[in-house]
Structure formats: C-alpha cells, structure tokens
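Quick notes on the structure that follows.
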Amino acid sequence: MTATTSDATTRRDFLYVATGAMGAVGAAAAAWPFIDQMNPSTAALALGTTEIDLAAIQPGQQVIYTWRGQPLFVRRRTPAEIASAKAVDVSTLPDPLARNANLPDNTPATDADRATKPEWLIVKGVCTHLGCTPTVSTPTAPEGEYGGWLCHCHGSAYDTAGRIRKGPAPENLAVPPYTFLSDTRVKVG
Amino acid sequence: MSGPSTYIPKSGLEKWIDQRLPLPRLMHDTMQTFPTPRNLNIWYTFGGILTFCLGVQIITGIVLAMHYVANAGLAFDSVEKIMRDVNYGWLIRYIHANGASMFFLAVYIHMFRGLYYGSYKAPRELIWILGVLIYLLMMATAFFGYVLPWGQMSFWGATVITNLFSAIPVIGQHIATWLWGDFAVGDATLNRFFSLHYLLPFIIAAVVGLHIWALHVPGNNNPLGIDVKSPQDTLPFHPYYTVKDAFYLCLYVILFAAFVFYSPDFFGNPDNYQPANPLVTPPDIVPEWYLLPYYAMLRSVPNKLLGVLVMGLALVTLVLLPWLDTSRVRSLRFRPVMKQFFWVFAVDCVLLGYCGSQSVEAVAFGIPLVIVARLGTVYYLAYFWVLMPIIGLIETPKKLPASIAQSVLGDKAVAAAE
C-alpha cells in the first residue's frame with residue numbers, strides 16, 4: 001500500500017464539508033417550527049376592530065375600552081388640557097415623535113399630530129416602559145405633574161397629549177389606527 | 001468521584017452489581033466515606049436543605065398539576081378549587097407556595113456563605129458558576145409559577161417582566177410578542193408558562209447533579225478557606241455530616257411548617273386573590289420578596305434600556321466573581337478589610353430589597369427611596385467591580401493556620417495523633 005500525503009483538497013474533504021453543511025441547514029429547518037409555534041397564531045393576528053360611541057363621554061372624562069386585549073384610553077379633553085398640551089415646545093420632549101399609527105413614522109409630537117380632533121385623545125393604555133396601565137389625572141385627583149397620566153409601577157408621567165415627560169418610559173403612549181365614522185362614532189383598528 | 005475508591009462489595013450480589021453498574025460504589029464513595037473537612041459549621045448544611053427544598057417543590061408541584069387547569073378562563077377558579085375542594089389541597093398548595101420562599105431563603109444563605117468563605121475561588125469556580133446557573137433557573141421557575149394562579153399580581157407581574165425584553169433595541173418588541181404568543185399577556189402566555197414551569201425543575205435537578213459532581217472533585221471548602229492537607233483534617237461524610245445536615249434540616253422544616261400552618265399568606269400579596277384584569281393595574285406591582293433587590297435596581301435607573309442592562313449586569317457579575325476577586329486568601333476570616341465591606345454588602349442587599357418593596361415615590365427619613373436605591377445599586381456593582389479587585393491586591397491578610405486539624409484540635413492533639 002502506498003501512502004500518499006497531499007495538502008490538496010480531496011473528494012472526501014468535500015463530502016465531509018457538504019454533509020456537515022446540509023446537516024446544519026436541516027437542523028435549523030427542523031428547529032424553526034418549534035420556535036415559530038410560540039408566535040401569535042393566525043387567530044390572534046386577525047386584527048380586531050372596536051367601534052366606540054363617543055356621545056356618552058363628558059368633557060374631562062376618560063373611558064377605558066378594550067382593543068386587541070389591551071386597554072384603550074379615550075379621553076375627551078377640556079379646552080384647558082388642550083391648551084396646556086399645545087403650549088409645550090416639542091424639541092424639549094423626551095420623545096419628539098408623534099407615535100401615531102395614522103401618520104408617517106417621523107411626524108413630530110405636536111398636539112395636533114397626537115390628536116387629530118383636539119377634543120378626542122385616543123391612545124393605548126399601555127405604559128411604554130413595562131406595560132402597566134397608567135392612572136388618569138383629573139383636576140381634583142392629579143396624577144403626576146403634567147396633568148395626563150401617571151404609571152404607578154415605575155413612576156412614568158405623561159402629559160395631556162399622552163406624551164412621556166418624566167420617568168423611565170422611552171416613548172409617548174401609542175396612538176392606534178382609527179377613523180371617525182361620524183362626529184360621535186370612532187372605529188379603532 | 002475523585003481519588004481511589006474505598007468500596008469493597010460485601011456480598012456476591014453487590015459484587016455482581018458492581019461489575020455491571022457501579023452505582024453502590026458511587027453512593028459509597030460520595031455519601032459515605034467521602035473525606036469532608038472536620039470544621040464545617042452550620043452554614044454548610046444548606047446544600048442538603050436546598051436538595052430537600054427542590055424535592056418538596058417537585059413532589060407538591062406534580063400533585064398540584066393533577067388539579068390545576070392552565071387556561072386563562074379557568075386557572076383562577078381551579079386554584080380556588082384546590083384550596084377548598086381537593087382533599088388536603090390547601091396544605092399541598094401552601095407547602096408549594098411557601099416552599100418557593102423557603103427555597104430562596106436557603107439559596108441566599110448558601111450564596112452568602114460561599115461569598116464569605118471564598119468558596120468560588122480556584123479550584124471551585126465551576127461549582128460557583130453552576131450554582132449561579134441554578135439560581136437563575138430558580139428565578140425563572142419561580143416567576144413562571146407565580147403567574148399560574150392568574151390573579152392580579154400574576155398577570156401584571158408577567159406583563160412587567162416580559163416587557164423587560166422589549167427594551168432590547170430593534171427586535172425587543174418581537175421577542176416580547178414571541179414570548180406572549182399574542183399582543184399582550186394572555187391565554188397563550190399562561191399555557192406556555194405552565195409547560196415551562198413543569199419542565200425547569202427537572203433541568204434544575206440535572207444542574208444540581210453537575211454542581212455536586214463538581215463539588216466532589218476538590219471537595220468542600222471550609223470556614224478557614226485553607227486546603228485539606230492530611231487525613232487528620234477530614235471526617236467521613238457519614239455519619240458526621242449526614243447527622244449534622246439532618247439536624248439542621250429538622251430545624252429548617254420547623255420554620256417552614258410555622259409559615260405553612262400559622263401564616264401561610266405571609267409571603268403572598270393580597271392582590272393575587274383577585275382574578276387577573278387586563279384593564280386595571282394594581283396601585284403597586286411588587287414582585288415576590290426574593291426578586292426585590294433586582295427590582296429596586298431596575299426602577300432606580302430613569303431609562304428603560306439602561307435599567308434592564310443594570311439589572312442584567314448585577315446577575316452576570318456573579319458569574320465573573322471568581323476572576324474579580326484578586327485575593328489569594330479564600331476566607332474573609334483572615335481578610336479584616338474585605339470582611340467589613342462584605343457586611344456592608346449584605347446590608348446593601350437587604351436595603352435594596354426594602355426599596356424594591358416600597359412604591360416609586362416613597363420617602364424615608366426625608367430621603368426619596370429612589371435615591372437610596374441608586375446608591376445601593378452603585379455599591380452593589382462597586383463591591384464586585386472595584387472593591388474586590390483592588391482590596392484583594394492591597395490588603396494584608398491575617399496569618400493562616402497551619403492546618404484544619406491544628407486549628408480545630410490545637411497543637412497537642414495534632415502531635416499526639418502523629
């Protein structure tokens with residue numbers, strides 16, 4: 001038997017690498033269903049829509065609805081609350097973006113872009129820090145220093161446009177997609 | 001597991017088994033004749049207590065799973081059914097719920113013991129790291145378990161903890177959604193948490209096996225932190241330490257029973273006796289007591305991502321501990337400077353726990369607790385990253401005893417034995 005030593009790539013080397021690579025691809029392909037099964041199912045993905053009758057909501061009042069399993073704040077703002085939100089210089093805000101699903105992503109967080117109809121502020125009731133439901137502020141029972149909401153979990157304070165002003169939350173309260181069907185009916189989702 | 005085996009089969013049957021599966025030999029060498037330092041004190045009995053705690057949680061947990069229903073609409077009622085209708089259900093559930101707290105109490109004592117006597121130092125780094133892994137798995141298991149009763153604290157605790165992942169840039173929200181199986185914590189989340197809560201204890205048991213295996217290579221550290229030098233320094237594990245462990249286990253079980261029978265909701269939160277409500281967050285979300293120091297760290301940082309990173313760093317630091325300590329002396333008994341910082345560290349952990357238990361705006365003695373928590377977090381990290389490396393280099397340790405036997409028995413006894 002003659003031993004041949006060679007640095008050249010052999011047919012066997014190629015087969016090793018090719019088999020190993022195919023095995024890795026196969027293992028990843030087999031793992032994917034077990035990872036993806038954790039993601040929301042088609043039933044959960046089906047976007048829910050909620051229609052809300054605004055007629056019963058009084059100025060200065062907030063009503064909490066459910067949208068896609070999460071709380072939704074619908075707040076009928078008083079002229080004073082709108083004025084205080086408009087008086088804020090957007091460049092001083094911790095989060096200068098509107099976070100309004102009805103507008104482009106880079107829209108600034110002016111009050112007009114947070115609430116297209118100034119009287120009606122519609123935001124998800126989910127603190128952008130760790131997901132608690134913030135408590136609404138009223139003139140008689142203030143929550144936080146900015147007249148909007150205070151999240152008691154970790155102390156994030158929002159103003160009357162639902163914009164983050166103080167505390168650990170990184171973003172303004174999210175404005176969901178919605179359309180006004182009439183002056184007193186709005187469809188969210 | 002290490003060193004020559006001293007097992008001699010006594011009968012033909014034992015010999016037959018030994019040649020095929022040397023399990024009796026393993027038990028003999030690790031639990032009977034295993035040479036153990038003769039000076040182990042009460043703080044070394046917690047390994048046995050922890051093994052007991054794991055067993056109790058697994059047995060009571062398997063029983064509870066026979067009656068529990070992992071469904072968002074039925075979970076809360078099924079737990080109430082266990083409490084009221086199932087024979088001895090109240091007892092088994094209270095043992096399981098308080099068992100988690102007793103498990104963590106023991107693990108904290110066990111960890112501080114290791115920290116004080118330098119049990120994480122060479123050649124025991126892997127024992128320590130496996131221990132940290134067990135601790136992390138325990139926290140995950142306890143978190144999943146706390147969600148299962150589907151009360152207000154269960155639901156909102158799950159919301160806050162899973163939202164920690166949303167702090168990760170770009171992919172964070174996708175990870176949170178993937179964990180939930182929905183756009184918020186819900187039925188899908190509850191089901192998977194139940195599945196994982198059942199799985200993880202068995203993973204813990206496997207890692208405990210590795211932890212004990214790694215322990216049996218160098219053998220136990222001891223309160224003097226010096227190596228075993230001669231057979232005089234040791235005693236056989238049985239009966240000396242089996243009896244000592246059993247005695248202190250009995251005392252621990254008395255404490256355990258006192259909570260189960262006289263104050264079963266001592267560690268609980270009244271809000272968790274309200275069914276989960278996704279629309280109303282309780283005024284104060286407080287995790288279980290054993291997670292409070294980390295919760296205080298999370299809240300003390302006024303930035304979401306940084307808060308999560310600081311909390312993660314506090315845990316990762318524990319893994320790196322063996323390389324952060326530069327001192328060649330293991331036991332703090334012989335390190336007069338570090339010993340004082342150790343006790344400050346112990347108080348700091350309790351103080352952080354207190355801060356975590358109070359509301360965010362709480363003030364004590366005119367000082368906002370968030371400031372106290374910030375200082376506490378700084379000290380926690382500085383203890384490992386600044387004090388440990390520097391003091392280990394500049395401190396002059398006290399003189400170490402010549403041997404364990406000499407320290408315990410005195411010079412004369414050692415001479416007489418020789």
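The values are calculated or read from the model by the stated rules, or taken from the named source; none is laboratory data. Keep in mind it's a predicted model, so treat the numbers as computed, not measured. Using ideal geometry, Cβ is built from the backbone for each residue, glycine included, and neighbour counts are taken over all protein chains shown. Only protein heavy atoms, including side chains, enter the accessible area calculation; ligands, DNA and RNA are left aside. Shrake-Rupley method; radii C 1.70, N 1.55, O 1.52, S 1.80 Å.
So what does the Cα-only Debye profile of segment B:202-356 read at q = 0.12, 0.13, 0.15, 0.18 Å⁻¹, as log10 I(q)/I(0), no solvent term?
These q points yield log10 I(q)/I(0) values of -0.94, -1.08, -1.32, -1.44.
Please give the FRET efficiency for B:PHE112 paired with B:HIS238, using the beta carbon to beta carbon distance and R0 = 35 Å, rounded to the nearest 0.05.
So the FRET efficiency works out to roughly 0.80.
Return, in residue-number order, each cysteine of chain A whose C-beta is not under 4.7 Å from any other cysteine's C-beta.
None; all cysteines have another Cys Cβ under 4.7 Å.
Between B:LEU393 and B:HIS174, what is the label-point separation in nm under the 7 Å Cα-to-beta-carbon projection?
Placing both labels 7 Å beyond Cα along the Cβ direction yields 4.4 nm.
Over its Cα atoms, what ratio of radius of gyration to 2.2 N^0.38 Å does segment B:233-300 give?
Numbers: Rg = 20.0 Å, N = 68, 2.2 N^0.38 = 10.9 Å.
For segment B:233-300, the normalised Cα radius of gyration is 1.83.
Once you've got the Cα coordinates, tell me which of B:LYS121/B:LYS339; A:LYS124/A:LYS187; B:LYS244/B:LYS398; B:LYS244/B:LYS412; A:LYS166/B:LYS304 are over 19 Å apart. Let's see the in-between values first.
Working: B:LYS121/B:LYS339 16 Å; A:LYS124/A:LYS187 14 Å; B:LYS244/B:LYS398 30 Å; B:LYS244/B:LYS412 26 Å; A:LYS166/B:LYS304 12 Å.
In this structure, B:LYS244/B:LYS398; B:LYS244/B:LYS412 lie more than 19 Å apart at Cα.
Put a dot 7 Å past each Cα toward the Cβ at B:VAL350 and A:LEU103; how far apart are the dots in nm?
For A:LEU103 paired with B:VAL350, the spin-label model returns 5.3 nm.
Helix-derived [θ] at 222 nm for chain B: sum -39500 (n - 2.57) over DSSP H runs of at least 4, divide by residue count, nearest 500?
Result for chain B, helices only: -21000 deg cm²/dmol.
Could you pull the accessible area for A:PHE14 with a 1.4 Å probe, rounded to 10 Å²?
We get 140 Å² for A:PHE14.
For A:LYS117, B:LYS10, B:LYS229, give me the order by solvent-accessible area with a 1.4 Å probe, most accessible first, ignoring ligands, DNA and RNA. Don't skip to the end; give the middle numbers.
Numbers: A:LYS117 70, B:LYS10 170, B:LYS229 125 Å².
Reading off the accessible areas and sorting them downward yields B:LYS10, B:LYS229, A:LYS117.
Between A and B, buried accessible area summed over both sides at probe 1.4 Å, in Å² to the nearest 100?
2300
Would you look at the GNM of chain A, springs on alpha carbons closer than 10 Å, and say which of A:VAL63, A:VAL74, A:VAL17 moves the most?
Looking only at A:VAL63, A:VAL74, A:VAL17, the largest GNM fluctuation is found for A:VAL17.
Bin all alpha-carbon pair distances of segment A:45-188 at 10 Å intervals from 0 and give each bin's fraction as a whole percent.
Final binned percentages: 12, 46, 36, 6, 0.
Starting from the residue with the highest accessible area, list B:MET31, B:MET153 in decreasing order, probe 1.4 Å. Don't skip to the answer; put the middle values down first.
Values: B:MET31 100, B:MET153 0 Å².
Sorted descending by solvent-accessible area, the residues read B:MET31, B:MET153.
On the full set of protein chains, 1.4 Å probe, figure out the accessible area of B:ASP348 and give it in Å² to the nearest 10.
10
Can you list, largest first and rounded to whole Å, the semi-axes you get for segment B:3-44 by taking the square root of 5 times each eigenvalue of its Cα gyration tensor?
Each semi-axis is the square root of five times an eigenvalue, giving 27, 9, 8 Å.
Along each of the three principal axes of the Cα atoms of the protein assembly as shown, give the extent in whole Å, ordering the values from largest to smallest.
For the protein assembly as shown, the Cα extents along the three principal axes come out at 99, 79, 63 Å.
When the Cα atoms of chain B are enclosed in a convex hull and the volume is divided per residue, what value in Å³ results?
Hull volume normalised by residue count: 182 Å³.
Leaving ligands, DNA and RNA out of it, rank A:THR9, A:THR49, B:THR234, B:THR33 by accessible area with a 1.4 Å probe, largest first.
Listed by decreasing accessible area, they come as A:THR9, A:THR49, B:THR33, B:THR234.
Could you pull the accessible area for B:ILE212 with a 1.4 Å probe, rounded to 10 Å²?
The accessible area comes out at roughly 60 Å².
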